[in-house]
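Asks: The structure under discussion is supplied below as structure tokens; questions concerning it will follow.
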Amino acid sequence: MIGPAGGAFGGLHVGEFLPPLVACLAYVVLYQRRAATLRREGRPLERWRMGCFVGGATIAAAVQLPPFDSLADEVLIAHMIQHIVLGDVCSLLIVLGLTGPVLQPLLHIRATRGLRVISSPVVALSLWAGNLYAWHLPALYQLAIRVDLVHAFEHA
């Protein structure tokens with residue numbers, strides 16, 4: 001059961017577990033709406049792609065919720081596994097679920113057209129590797145350890 005906003009109920013803090021749930025739900029609902037549109041247009045998505053996307057979003061939320069997140073707060077190896085799951089496993093699953101037709105409405109907006117370049121596998125892999133490297137630079141690494149908001153940004 002969920003307690004009052006900002007409070008805790010049964011050890012669960014709404015401010016901690018609500019954002020991953022809301023984000024997961026929003027991603028999955030928007031993805032399913034786009035998949036339904038593509039199906040009506042005669043361009044259905046493969047089921048494995050939909051499974052990858054939904055699985056990636058669901059796992060990303062799950063590792064940020066109790067009991068996994070609670071364990072990650074107490075045991076360093078669990079926390080590092082959480083990072084690997086978020087940064088590698090979930091990212092890969094979500095990307096496998098995305099296709100040009102799924103992203104078409106987003107990339108059709110003038111302000112987001114520049115993002116088309118990152119759909120190239122070489123560019124995307126380079127950005128992923130650069131991001132991984134940057135978070136392991138001593139300054140950013142230590143900042144993420146000391147400042148919870150920075151650490152939450154790293155998870156995002």
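The values are calculated or read from the model by the stated rules, or taken from the named source; none is laboratory data. Since the structure is predicted, the reported quantities are computational estimates derived from the model, not experimental observations. Quick reminder, even Gly has a Cβ in these numbers, built from the backbone with ideal geometry, and neighbours come from all protein chains shown. Note: accessible area is taken over every heavy atom of the protein model, side chains too, but ligands, DNA and RNA are not part of it. Shrake-Rupley method; radii C 1.70, N 1.55, O 1.52, S 1.80 Å.
Asks: Report those helices (runs of 4 or more DSSP H) wholly inside region 86-140 carrying at least 1 residues which are open to solvent by less than 50 Å² (accessible area, probe 1.4 Å) and in contact with a Gly (Cβ under 6 Å, 6 or more places away or on another chain). It would help to see each step written out before you state the result.
Replies: On the way: elements: 91-97, 100-108, 121-135.
Here the list reads 91-97.
Asks: In region 13-33, what count of residues is obtained for those that are modelled with pLDDT of 95 or more and open to solvent by 40 Å² or more (accessible area, probe 1.4 Å)?
Replies: Final tally of qualifying residues: 7.
Matching residues to (1) more than 30 Å from residue 129 (Cβ to Cβ); (2) touching a Phe, Trp or Tyr at 6+ places or on another chain (Cβ under 6 Å); (3) not polar (S, T, N, Q):
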| position | (1), (2), (3) |
| --- | --- |
| 29 | yes, no, yes |
| 33 | yes, no, yes |
| 37 | yes, no, no |
| 52 | no, no, yes |
| 61 | no, no, yes |
| 71 | no, no, yes |
| 78 | no, no, yes |
| 90 | no, no, yes |
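Asks: Could you list, ordered by first residue, the pairs with Cβ atoms under 8 Å in which the first is in region 83-109 and closer than 16 Å to residue 31 by Cβ and touching a residue at least 60 places away in the same chain (Cβ under 8 Å) and the second is surrounded by 14 or more Cβ atoms within 10 Å (Cβ to Cβ) and of a type in the set (Asp, Glu), at least 6 apart or interchain?
Replies: Listed pairs, sorted by first residue: none to list.
Asks: Also: When region 37-80 is examined, which residues are found to be within 25 Å of residue 126 (Cβ to Cβ), at pLDDT 95 or above and open to solvent by 40 Å² or more (accessible area, probe 1.4 Å)?
Replies: Result: 49, 59.
Asks: Further, regarding this structure: Would you please list the contacts, defined by Cβ atoms under 8 Å and residues six or more apart or on different chains, that run from a residue in region 22-44 that is within 17 Å of residue 107 (Cβ to Cβ) to a residue that is modelled with pLDDT under 95 and exposed (fewer than 13 other Cβ atoms within 10 Å of the Cβ)?
Replies: From region 22-44, the pairs are 34/105.
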